[in-house]
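The block underneath contains the structure these notes are about, expressed in structure tokens.
The values are calculated or read from the model by the stated rules, or taken from the named source; none is laboratory data. As the structure is a prediction and not an experimental result, all values here were calculated from the model. Neighbour counts run over all protein chains shown; Cβ positions are idealised from the backbone, glycine included. Note: areas computed on protein heavy atoms with side chains; ligands, DNA, RNA excluded. Shrake-Rupley method; radii C 1.70, N 1.55, O 1.52, S 1.80 Å.
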Amino acid sequence: MIRLQNVTKTYKRGGDDEVVALKDVSLEVNKGEFVFVVGPSGSGKSTFMKLLTREQLPDDGNIWVAGKNLASLRAWKVPVLRREIGYVFQDFKLLPNKSVYENVAFALEVIGKGRREIDKRVPEVLELVGLTEKSRAQPHELSGGQQQRVSVARAFVNNPRILLCDEPTGNLDPSTSIGIMKLLDRINRTGATVVMATHDQHIVDSMRRRVIELENGIVVRDQTRGVYGYGN
Amino acid sequence: MARWRYLLQEAFIGLRRNLMMTFAVILSVTVSLTLLGASLLLSDQVDLATDDWVGRVEVSIFLCDGRVCPAITPEQQDELREELEAQEVVAEVFYESKQEAYERFTELFADQPSLVESIDPDILPASFRVRLENPNLFNVIADQFGAFPGVEEIVDQREVLNQFLRFTNVVRNAALVVAAIQLIAAGVLIANTIRVAAFARREQTSIMRLVGASNWYIRLPFVLEGVIAGLVGALVSWGLLYATVPRVAGNLAQDIELMPFIGVAQVLAIGPWLLIAGTGIAAVASVLALRRFLDV
């Protein structure tokens, strides 16, 4: 489902000063897997996520996502790739002037889905995330956890094969985070591949899923049923 | 259907959100297109007058009256007339006596009595006025009759017309240049407005990008926003020209009987060009403004 082959990405920082974000990274994530990507800030987690959505291209190496080689993917086909990927943000990124229902429907509207499909699919996914009651609420009327559920619903409404979550519990308290993780787990069980970048040690330790640890742009650990870290 | 409703809705939200900017854009498009339209109409007017005049333009063959050259004899005059009428390029020959020349002069400058008074009725020369089949063949006449005994000077009235045309061309080109500069300014203003609009909705567009909305779907609301403002500006300028130009031309036509004037038909005819220019510049400016901003 996801394959990186000797991927290197560096950022220019004025003059000859370069920052290596990922260095010769090779890894593979299979269909239906649940993977944590952990590591301190600046370890390359964000770059990893941005490469998967083709917001950025690697300087070197190849990336395959959902059967597409991103290096040779034409710019106009990038939207097609992104329809296979759901993206959950740390800060939810809900549109403040739209209701819960409209926020979720928006993701379908802008890729040209018809009214009938939207009206069928949105209630389904709102039920999945447990927000049927709140479908007419505005985002500011919701708690952080509920907002993140809306964000997950929006990411999943198009039935993507891959769900990328960038610190989805970063802005939530521990008990709310558990709810979100249960939700992501449920989505994973429907067959979607979930990749989650996180700092949250408790969550990683309690889920016992595959853990890929990055440090200074290198994979220092790749462990099935792992925990957040050795000494910490 | 639903798509277009969404796109238009977003465009109007953008226009309303920043009313002052929208107003400034419409105003600047209106000013530039009004100038453009005015210069197009001036050019129409010149063409109309020229067409009318070219048919009437004559070659004047001034006859010697003894002041600068020996006065033409009646025999020479008859011979000259016969020769002229025999020419293939000549359509018509009129004779204008000194007296008739003076009368025409007083008529032409009736509103300047002091000028008329300063002219001695005898000073204006008699002439043959020759209308040509093709006004461009002036040289044939000039070459052939320039040295004819009793001919003082041959004047192509087209020269006079050309001077007038040169003047109107300068006016028209100046208006065009100002219109072009204004249009560029309007384009820059539109580009800036669209950039501001895109920035205000960057959250929304970043979501759209990540859920896989196509590029044109993300950009079109902004482009439409610019195009709508451009279109409104074009319509306003068209309306302004429609309301003023036929009236002004009508007033002039009453005072100046010398030439025909443009009317409603010409103003209507330039409308499409104004719309194309207004929406075109807006579309180009919007697309350029978004080029780097919303790249995938």
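Some observations on this one:
- Computed over chain B: relative contact order in percent, which uses C-alpha pairs under 8 Å that are six or more apart: 32
- Annotation: per residue accessible area for segment B:58-156 equals 59 Å², rounded to a whole number [probe 1.4 Å, protein chains only].
- Quotient of C-alpha Rg and 2.2 N^0.38 Å, computed over segment B:101-182: 1.57
- Note on B:214-225: average number of Cβ atoms from other chains within 10 Å of each residue's Cβ is 2.
- Shielding by partners for peptide B:198-206, expressed as the average number of C-beta atoms from other protein chains within 10 Å of each residue's C-beta, is 2.
- Heavy atoms of A:Lys31: accessible area, 1.4 Å probe, square angstrom to 10: 140
- Measuring nothing but how far apart in sequence close Cα pairs (under 8 Å, 6+ apart) lie, relative to its length, segment B:58-156 scores a relative contact order of 50 percent.
- Taken about its Cα centre, segment B:58-156 carries a charge dipole of about 160 debye when Lys and Arg each add +1 at the Cβ and Asp and Glu each add -1 at the Cβ.
- Normalised by the number of residues in segment A:177-232, the mean separation of alpha-carbon contacts (under 8 Å, six or more apart) gives a relative contact order of 27 percent.
- Relative counts (whole %) of C-alpha pair distances in segment B:58-156, using bins that are 5 Å wide: 2, 13, 22, 22, 17, 12, 7, 3, 0
- Treating each Cα of segment A:23-159 as one equal point scatterer and applying the Debye formula with no solvent, the log10 of I(q)/I(0) at q = 0.09, 0.17, 0.19 Å⁻¹ comes out as -0.33, -1.02, -1.16.
- Using θ = phi - 60° and Karplus 6.51 cos²θ - 1.76 cosθ + 1.60, couplings along segment B:40-46 (whole Hz; Gly, Pro as x): 4, 5, 4, 5, 4, 4, 5
- With all projection directions averaged, the alpha carbon convex hull of segment B:182-296 covers 8.2 nm².
- Considering every alpha-carbon pair of chain B, the percent of pairs per 10 Å bin, from zero through the bin containing the longest distance, is 6, 20, 19, 15, 12, 10, 9, 6, 3, 0.
- Dipole axis of chain B (+1 Lys, Arg; -1 Asp, Glu on Cβ), positive-most option in B:Leu124, B:Gly280, B:Tyr95: B:Gly280
- Semi-axis lengths, largest first, of the ellipsoid equivalent to segment A:94-170 are 18, 15, 11 Å, with √(5λ) applied to each eigenvalue of the Cα gyration tensor.
- Buried surface between chains A and B: roughly 1700 Å² of accessible area, summed over both sides, computed with a 1.4 Å probe on protein heavy atoms only.
- Over 18 Å apart at the Cα level, from the set A:Lys120/A:Lys182; A:Lys98/A:Lys134; A:Lys9/A:Lys45; A:Lys50/A:Lys77; A:Lys50/A:Lys93; A:Lys12/A:Lys93, are A:Lys120/A:Lys182; A:Lys12/A:Lys93.
- With only the Cα atoms considered, chain A has a convex hull volume of 135 Å³ per residue.
- Using distinct alpha-carbon pairs, which all enter the 1/r mean, Kirkwood radius of the protein assembly as shown in Å: 30.0
- Net dipole in debye of the protein assembly as shown [+1 Lys, Arg Cβ; -1 Asp, Glu Cβ; about Cα centre; nearest 20]: 6440
- DSSP bridge analysis restricted to chain A gives an antiparallel fraction near 55%, rounded to the nearest 5.
- Counting protein heavy atoms only, the protein assembly as shown has 55 percent of its accessible area on carbon and sulfur, 1.4 angstrom probe.
- Partner aspartates and glutamates for A:Lys23 [C-alpha distance under 20 Å; skip if fewer than 8 residues away on the same chain]: A:Glu55, A:Asp59, A:Asp60, A:Glu213, A:Glu215, A:Asp222
- Taking only Cα atoms of segment B:6-105, radius of gyration then Dmax in Å: 30.1, 89
- Prolate/oblate/rounded label for segment A:116-223 (Cα gyration tensor, a/c 1.5): prolate
- Using heavy atoms of the protein chains and a probe of 1.4 Å, the accessible area assigned to B:Glu103 is about 100 Å².
- When A:Asp222, B:Asp143, B:Asp156 are compared by accessible area of protein heavy atoms, the largest-first order is B:Asp143, A:Asp222, B:Asp156, using a 1.4 Å probe.
- Computed accessible area, B:Trp238, all protein chains, 1.4 angstrom probe, square angstrom: 60
- Only one residue of A:Val150, A:Ser26, A:Gly217 has its Cα farthest out toward the positive end of the dipole of chain A, where Lys and Arg carry +1 and Asp and Glu -1 on Cβ, and that residue is A:Val150.
- About its Cα centre, chain A has a charge dipole of approximately 900 debye under the convention of +1 per Lys or Arg Cβ and -1 per Asp or Glu Cβ, with nothing else charged.
- Per-residue [θ]222 nm for chain B (sum of -39500 (n - 2.57) over DSSP H runs n ≥ 4, rounded to 500): -25000 deg cm²/dmol
- The protection proxy used here, the mean number of other Cβ atoms lying within 10 Å of each residue, ranks peptides A:45-51, A:192-198, A:21-27, B:244-250 as follows, highest first: A:192-198, A:45-51, A:21-27, B:244-250.
- Beta bridges per DSSP, both residues in the protein assembly as shown: antiparallel share near 65 percent.
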